Amino acid sequence: MSDFLTPAEYHRIAAGLKLPQHAFIDGEFRPALSGRTFATTNPATGAPLTEIAACSAEDVDLAVAAARTAFEDGRWSRIHPRERKETLLRLAHLMETHARELAVLESIDSGKTIFDCETVDVPETIHVLKWHAELIDKIYDQVAPASDSHIALVVREPVGVVGLVLPWNFPLLMMAWKIGPALASGCSVVMKPAGETTLTALRVAELAVQAGLPAGVLNIVTGSGAEVGEPLGKHPDVDMVSFTGSTATGRRFLNYSSASNLKEVVLELGGKNPCVVLDDAEDLDTVAAHVVNGAFWNMGENCSAASRLIVQRGIKDRLLERVKAEAANWLVGDPLDPAVRVGALVSKAHFQKVSAYLEAARAETVLMGGKIVSEGFVEPTIVDTRRDSTLAVEEIFGPILSVITVDSFEEAIAVANDTDYGLAASIFSAHGKQAIRGARMLRAGTVTVNSFGEGDISTPFGGYKQSGFGGRDNSIHAHDQYTQLKTIWIDLS
Ligand SMILES: NC(=O)C1=CN([C@@H]2O[C@H](COP(=O)(O)OP(=O)(O)OC[C@H]3O[C@@H](n4cnc5c(N)ncnc54)[C@H](O)[C@@H]3O)[C@@H](O)[C@H]2O)C=CC1
Ligand code: BAL
């Protein structure tokens, strides 16, 4: 903790921040063409932070045109990958220099805790950008088998102008997950941050200018889903869209694509992720720490949150005792206090949604929590539920853990897989073969064994079933989204 400041010091930094307001199009910060703005507030206090450009289809057109020009003239798409690497590394280094400011901005804009912003969101964002930058001048294309009279090349080319539509739960990190591989690959970007959390993206754009990113290569169009997301999804000159957010909105992007130019679509969607704990799990204090982290980290506002604890009857009581003890350490309160682990839910609307689930929990057995702390803040809550209860089926995106009791390994796996989602899962067992067998049987894009997590930048992240579509974020596979394969046959005869 020695690197953390006091809450008062963080509040002083927050009060002194200059907040961005304008969209970023063709290398310039500009108001919406309509002149309209929308208010953004600090979800922890309800206080207005600033007014931001409320863009619409005409601003999207401008941004796409700028991105297209930049892509076609090759100012970024056709320079040596090493030059792209160096520019992105300069951006990452500038972000390091401004890490604390970015962490505070992220916290006041989203309600996330300063603890997480300082230890995860900002450093991981920088790491992800560096990882993709470092990769791009080290990967090779392929030469296919052919007779002596031909050479057959399989080359990757940047897909073109890409639309990136972001969620509000990890504003900086999701930006990095998408702009990292998109920019490294040579694409031009039109990005739409979530309306709730726009500020850090615009600050990164300011740093990108300083880093020397050419105009038009990164454009940030601010505003609502209906007025910016939809025109971007339907735009005939956007070659591909990568989206992270709800399954319902993800579906719309498939419709937008089919109704426009059949642009490629990659969707990273919701989850109702199981955490399976079998009777033979060992070191229950550690298991409990993973369970709590999985369920309550980032206020449960996490697509891979382990929101269903599927526990075998023989170990249930011993485990829950420890889970409750561990969760009791998760202090709820001022996100700018580094001792706090559960900050504010992202918006009033989302707070109301989560509060409605707390209300529904009253019809079940609440084992812990269950109450609103104050406007925007809810207690980490543990509920003993039926496997088919609303709480155990729907993605809540709040700090509510549903506990489901099972009697066997087979039943645990069946319950875990009994969901429309398939993003992440975890399994705890001291019996190696059983744990690995379970990991293979769980239908999810990421499965962790005897731990909770998402892997890291080196491994692909994305969902089975209705949790994902069309590709993966992270790892070298993320570059598949932003490149397309071209075959070149050369006749030597
Ligand atoms: N998979 C994930 O990481 C996320 C899941 N969610 C889930 O979605 C629920 C609702 O949250 P929302 O903010 O409403 O998520 P959302 O999926 O509607 O929003 C994500 C992004 O899509 C944009 N968008 C919204 N409507 C659009 C439309 N009609 N056309 C194009 N773009 C559109 C939003 O402005 C935002 O940038 C949450 O309670 C949570 O359960 C929300 C955010 C992230
Ligand atoms: N956990 C990172 C991806 C997401 O929540 O959307």
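In region 134-159, how many residues are closer than 21 Å to M175 by Cα and part of a strand (DSSP E or B)? Steps first, please.
As a first pass, look at region 134-159 and keep what is closer than 21 Å to M175 by Cα: 134-136, 158-159.
With the extra rule that they be part of a strand (DSSP E or B), the set shrinks to 158.
Going through region 134-159 one residue at a time, the tally reaches 1.
Can you pull out every residue in region 143-165 that is open to solvent by 10 Å² or more (accessible area, probe 1.4 Å) and among the small types (G, A, S)?
Scanning region 143-165 gives A144, A146, S147, S149.
Does V190 satisfy the condition of being part of a strand (DSSP E or B) and within 27 Å of L17 (Cβ to Cβ)? Steps first, answer last, please.
Details: part of a strand (DSSP E or B): yes; within 27 Å of L17 (Cβ to Cβ): yes.
The answer is yes for V190.
Considering only region 426-435, state which residues are open to solvent by 10 Å² or more (accessible area, probe 1.4 Å) and in contact (Cβ under 8 Å) with a residue 12 or more places away in the chain. Step through it out loud before you land on a result.
Just the residues of region 426-435 that are open to solvent by 10 Å² or more (accessible area, probe 1.4 Å), to begin with: 430-434.
A430, H431, Q434, listed by residue number.
Please determine whether any residue of region 467-487 is of a type in the set (S, T, Y) and closer than 15 Å to S304 by Cα.
Of region 467-487, the ones of a type in the set (S, T, Y) are 467, 475, 482-483, 487.
With the extra rule that they be closer than 15 Å to S304 by Cα, the set shrinks to 467.
Yes, region 467-487 contains at least one residue that is of a type in the set (S, T, Y) and closer than 15 Å to S304 by Cα.
Of these, W168, W177, W131, which one is part of a helix (DSSP H, G or I), within 16 Å of ligand 1 (Cβ to nearest atom), open to solvent by 10 Å² or more (accessible area, probe 1.4 Å) and not basic (K, R)?
Values: W168 fails: part of a helix (DSSP H, G or I); W131 fails: within 16 Å of ligand 1 (Cβ to nearest atom).
Going through W168, W177, W131 in turn, the sole match is W177.
Among the strands (runs of 3 or more DSSP E) contained in region 22-112, which hold 2 or more residues that are more than 21 Å from A226 (Cβ to Cβ), touching a residue at least 24 places away in the same chain (Cβ under 8 Å) and open to solvent by 50 Å² or more (accessible area, probe 1.4 Å)?
Working: elements: 23-25, 28-30, 37-41, 48-53.
Correct list: 28-30.
Of everything in region 193-209 that's open to solvent by less than 10 Å² (accessible area, probe 1.4 Å) and not in a loop (DSSP other than H, G, I, E, B), which residue is farthest from ligand 1 (Cβ to nearest atom)?
So, considering only residues that are open to solvent by less than 10 Å² (accessible area, probe 1.4 Å) and not in a loop (DSSP other than H, G, I, E, B), the one farthest from ligand 1 (Cβ to nearest atom) is L207.
Give just the number: which of (1) of a type in the set (D, E, K, R); (2) assigned to a strand (DSSP E or B); (3) under 17 Å from the mean Cα position of the chain (by Cα) does E124 not satisfy?
Among (1) of a type in the set (D, E, K, R); (2) assigned to a strand (DSSP E or B); (3) under 17 Å from the mean Cα position of the chain (by Cα), the lone unmet condition for E124 is (2).
Name the single residue that is farthest from ligand 1 (Cβ to nearest atom) among those in region 309-319 being β-branched (V, I, T) and touching a residue at least 60 places away in the same chain (Cβ under 8 Å).
Restricting attention to region 309-319, the residues satisfying the condition of being β-branched (V, I, T) are 310-311, 315.
Next, from what is left, pick out any that are touching a residue at least 60 places away in the same chain (Cβ under 8 Å): 310-311.
Working: I310: 20, V311: 24 Å.
Among those residues, the one meeting the criterion is V311.
Looking only at region 448-488, how many residues end up being surrounded by fewer than 18 Cβ atoms within 10 Å (Cβ to Cβ) and within 14 Å of ligand 2 (Cβ to nearest atom)?
Residues flagged as surrounded by fewer than 18 Cβ atoms within 10 Å (Cβ to Cβ) and within 14 Å of ligand 2 (Cβ to nearest atom) within region 448-488 amount to 6.
Is it the case, given these coordinates, that G438 is surrounded by 17 or more Cβ atoms within 10 Å (Cβ to Cβ), modelled with pLDDT of 95 or more and touching a Gly at 6+ places or on another chain (Cβ under 7 Å)? Explain how you work it out, then say what you get.
Values: surrounded by 17 or more Cβ atoms within 10 Å (Cβ to Cβ): yes; modelled with pLDDT of 95 or more: yes; touching a Gly at 6+ places or on another chain (Cβ under 7 Å): no.
Against the criterion (surrounded by 17 or more Cβ atoms within 10 Å (Cβ to Cβ), modelled with pLDDT of 95 or more and touching a Gly at 6+ places or on another chain (Cβ under 7 Å)), G438 does not qualify.
Name the residue, out of I126, I139, that is surrounded by fewer than 17 Cβ atoms within 10 Å (Cβ to Cβ), of a type in the set (V, I, T) and out of contact with any strand residue (DSSP E or B) (no Cβ under 6 Å at 6 or more places or on another chain).
Unique residue meeting the criteria: I139.
Which residues, counting only those in region 274-296, are closer than 20 Å to V120 by Cα and within 16 Å of ligand 2 (Cβ to nearest atom)? Before you say what the answer is, go through the steps one by one.
Kept after step one, since they are closer than 20 Å to V120 by Cα, are these residues of region 274-296: 289-296.
Residues satisfying the conditions are H290, N293, G294, A295, F296.
Against the conditions (1) more than 16 Å from ligand 1 (Cβ to nearest atom); (2) in contact with a helix residue (DSSP H, G or I) (Cβ under 7 Å, 6 or more places away or on another chain), where does Q484 fall short? Just the number, please.
(2)
May I ask you to list pairs of residues, at least six apart or on different chains, whose Cβ atoms are under 6 Å apart, with the first in region 297-308 being more than 8 Å from ligand 2 (Cβ to nearest atom) and the second being assigned to a loop (DSSP other than H, G, I, E, B) and among the small types (G, A, S)?
Listed pairs, sorted by first residue: G300/G398.
Tally time: how many residues in region 232-258 are open to solvent by 40 Å² or more (accessible area, probe 1.4 Å) and either at pLDDT below 95 or more than 12 Å from ligand 1 (Cβ to nearest atom) (or both)? I'd like the intermediate steps shown before the answer.
Taking region 232-258 first, the residues open to solvent by 40 Å² or more (accessible area, probe 1.4 Å) are 234, 236-237, 239, 246, 248-249, 251-252, 254-255, 258.
Adding the requirement that they be either at pLDDT below 95 or more than 12 Å from ligand 1 (Cβ to nearest atom) (or both) leaves 236-237, 239, 258.
Residues in region 232-258 being open to solvent by 40 Å² or more (accessible area, probe 1.4 Å) and either at pLDDT below 95 or more than 12 Å from ligand 1 (Cβ to nearest atom) (or both): 4 in total.
Please state which of the following conditions L269 fails to meet, knowing it meets all the rest: (1) within 16 Å of ligand 1 (Cβ to nearest atom); (2) open to solvent by less than 40 Å² (accessible area, probe 1.4 Å); (3) within 21 Å of R387 (Cβ to Cβ); (4) out of contact with any His (no Cβ under 9 Å at 6 or more places or on another chain).
(3)
Which condition from (1) out of contact with any Cys (no Cβ under 8 Å at 6 or more places or on another chain); (2) farther than 16 Å from F377 by Cα; (3) open to solvent by 10 Å² or more (accessible area, probe 1.4 Å) is the one that S304 breaks?
The one condition S304 does not meet is (3).
Give the residues of region 278-301 that are open to solvent by less than 10 Å² (accessible area, probe 1.4 Å) and assigned to a helix (DSSP H, G or I), sorted by residue number.
Answer for region 278-301, where residues must be open to solvent by less than 10 Å² (accessible area, probe 1.4 Å) and assigned to a helix (DSSP H, G or I): V287, A288, V291, V292, G294, A295, F296, N298, M299, G300.
The values are calculated or read from the model by the stated rules, or taken from the named source; none is laboratory data. Computed from a predicted model, the values in this text were never measured in an experiment. In this analysis, Cβ positions are derived from the backbone assuming ideal geometry, glycine residues included, and neighbour counts consider all displayed protein chains. Accessible surface areas use protein heavy atoms only, side chains included; no ligands, DNA or RNA. Shrake-Rupley method; radii C 1.70, N 1.55, O 1.52, S 1.80 Å.
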